[in-house]
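Visitor: This is the structure, below, for whatever I ask next.
Laboratory data are not the source of any read-out in this text; all were calculated from the coordinates shown. These figures come from a predicted structure and were not determined experimentally. Here Cβ is always computed from backbone atoms with ideal geometry, including for glycine, and neighbour counts include all displayed protein chains.
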Amino acid sequence: MKEENINNENNISNINESVNNSKHNNSEKDVKEHYENELKKKDEIIADLNNKIKYQQAENINYRKRKDEETANLLKFANQDLILELIITVDNFERAIKLDDTNLNDELSKFLAGFKLIYSHLTETLKKFGVEEIPTVGSEFNPNVHEALMTGHDETKPNDTILECLLKGYTLKGKVIRAAKVIVNKLD
């Protein structure tokens, strides 16, 4: 019986140890799972933060590109107001040059010759800065560069052809700064 008691005690003690071990193993499993879950959460947070950083970097690059483009456009068209004022002077020179100068000996003809020199120099200077005249008479009406003030009727010309230019239009480096004022042919 003593042996049996010892065996029973040994069995009880083995059972207690296995229960303790399983509690300990379960406890270790729980701790391990807890840390694994925490690591997964941290990895997700790190991935999210990395995505946010990449997004912000892309935003900064796009912002710099937009600012560079705006600055380039400002520099490209910085002289626009001055050029518009000079174009009015060109218009006045053109009106003066259209005066009749058939008698080349009189004072008016000599005066107009000086005007023509100044006019040609002024137009060449404007061309150097990227100012170009918009084609008008004989070309097809384009509402992006022409402004129709009146319509005319000429059977010999196609519909929507510009018959006459009332005021020249100009572009500055490809941008319309003043639309040409024209008379457009309408056959209807």
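Visitor: Residue-wise, which Karplus ³J(HN,Hα) couplings in Hz belong to region 112-121, taking 6.51 cos²θ - 1.76 cosθ + 1.60, θ = phi - 60°, and x for glycine or proline?
Guide: My calculation for region 112-121 gives 5, 4, x, 4, 5, 5, 5, 4, 5, 5 Hz in order.
Visitor: Here's something else I'd like to know. Would you please give the FRET efficiency between Ala113 and Asp91, computed as 1/(1 + (r/R0)^6) with r the Cβ-Cβ distance and R0 = 30 Å, to the nearest 0.05?
Guide: 0.95
Visitor: On to the next question. Can you tally the net charge around Asn50? Count Lys and Arg as +1, Asp and Glu as -1, for every other residue whose Cβ sits under 14 Å from the Cβ of Asn50.
Guide: That sum, taken over residues with Cβ under 14 Å, equals 0.
Visitor: Counting only other residues whose beta carbon sits under 13 Å from that of Thr171, what net charge do I get with K and R as +1, D and E as -1?
Guide: +4
Visitor: Ordered by residue, what ³J(HN,Hα) values in Hz, to whole numbers, does region 30-38 give under the Karplus form 6.51 cos²θ - 1.76 cosθ + 1.60, where θ = phi - 60° and Gly and Pro are x?
Guide: My calculation for region 30-38 gives 4, 5, 4, 4, 4, 5, 5, 4, 4 Hz in order.
Visitor: Which cross-chain or sequence-distant (5 or more) residues have an amide H under 5 Å from the amide H of Leu167, H modelled 1.01 Å from N in plane?
Guide: Lys181
Visitor: How about Lys40: which lysines have a C-alpha closer than 30 Å to its C-alpha, ignoring those fewer than 8 places off in the same chain?
Guide: Counting by Cα, and skipping residues close in sequence, Lys40 has these lysines nearby: Lys23, Lys29, Lys32, Lys52, Lys54.
Visitor: Could you pull out the pairs from Lys98/Lys127; Lys116/Lys157; Lys67/Lys173; Lys98/Lys181; Lys98/Lys168 whose alpha carbons sit more than 26 Å apart here?
Guide: In this structure, Lys116/Lys157 lie more than 26 Å apart at Cα.
Visitor: Taking 0.36 nm per residue of sequence separation and subtracting the Cα-Cα distance, how much length would be gained by fully extending the chain between Ile61 and Leu167, in nm to one decimal?
Guide: 33.7 nm
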